[in-house]
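Right, one structure below, let's go through it.
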Amino acid sequence: MDENEDKLLRSVALQNAQAVLLARERAERELIAAKEALERKSAELAEEREFFRVILASIGDAVITTDREGKITFLNPVAESMTGWKSADALGQPLQNVFKIINEKTRQPAQDPVERVLCEGTVVELGNHTALIDCDGKQTAIADSAAPILDASGKVSGVVIVFHDVTEQRRAETALRESNQSLSEARDHLEKRVQDRTAELKTANQDKNHTHAQRGGIVG
């Protein structure tokens, strides 16, 4: 190999080495940029999760969230109070273990709201006369709804259940029904008395007229 060929080979090798070095540096820069973007996105998602966690923890209604398998992922303080479960103990538990609901009239278990949401894919409300049984067996009348939690692609990733105590409302409704029933019975009784009294007066008038007619015939 002559000197020119040697120089040419050295030049090509140097260019290749420089190209490899530049490619490596570019790849490292892109990797660093991608890592930083991922970290920023993760931080943003963490902030969003914390933001929504604070909101859910602060609202007046009880809130429970589950994953697609119906296992609890979040319990706010109101839900803790109403179910008797601490969040740390409830996380990962099947919903039925914590959110025990029955029909007040039949005493039968109510349908699983997670199952309904996953089946229907929309917001659902539980039937009337639903009651929650806490871990100590205490019963509380509740009204609630369940809705799907959608991920970025629009797929259902879980379910959120929102419920509140309607014991006083149910009592007021019962008192109103009983009051209306009493008023209806009193009205019916009064109407019957009026009808009876009207019939008595009519009979009395008929008897009086008959007596007058008889007397008139005698006089004549």
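The values are calculated or read from the model by the stated rules, or taken from the named source; none is laboratory data. None of these values were measured; they are calculated from a predicted model. Neighbour counts run over all protein chains shown; Cβ positions are idealised from the backbone, glycine included.
Condition test on A62, is it modelled with pLDDT of 75 or more, under 48 Å from the mean Cα position of the chain (by Cα) and closer than 30 Å to H164 by Cβ?
Yes.
Please specify each residue of segment 70-86 satisfying the condition of being surrounded by fewer than 21 Cβ atoms within 10 Å (Cβ to Cβ) and in a strand (DSSP E or B).
K71, T73, F74
If I filter segment 197-205 for residues that are modelled with pLDDT of 70 or more, assigned by TED's automatic domain parsing to the domain that holds L95, out of contact with any helix residue (DSSP H, G or I) (no Cβ under 9 Å at 6 or more places or on another chain) and among the small types (G, A, S), do I get at least one hit?
No; the residues of segment 197-205 include none that is modelled with pLDDT of 70 or more, assigned by TED's automatic domain parsing to the domain that holds L95, out of contact with any helix residue (DSSP H, G or I) (no Cβ under 9 Å at 6 or more places or on another chain) and among the small types (G, A, S).
Working carefully through the options V98, V114, find the one that is surrounded by 12 or more Cβ atoms within 10 Å (Cβ to Cβ), modelled with pLDDT of 90 or more and under 17 Å from the mean Cα position of the chain (by Cα).
Within the list V98, V114, the selection yields V98.
Please pick out the residue among G154, G127 that is surrounded by fewer than 18 Cβ atoms within 10 Å (Cβ to Cβ), at pLDDT below 85 and within 30 Å of R171 (Cα to Cα).
G127
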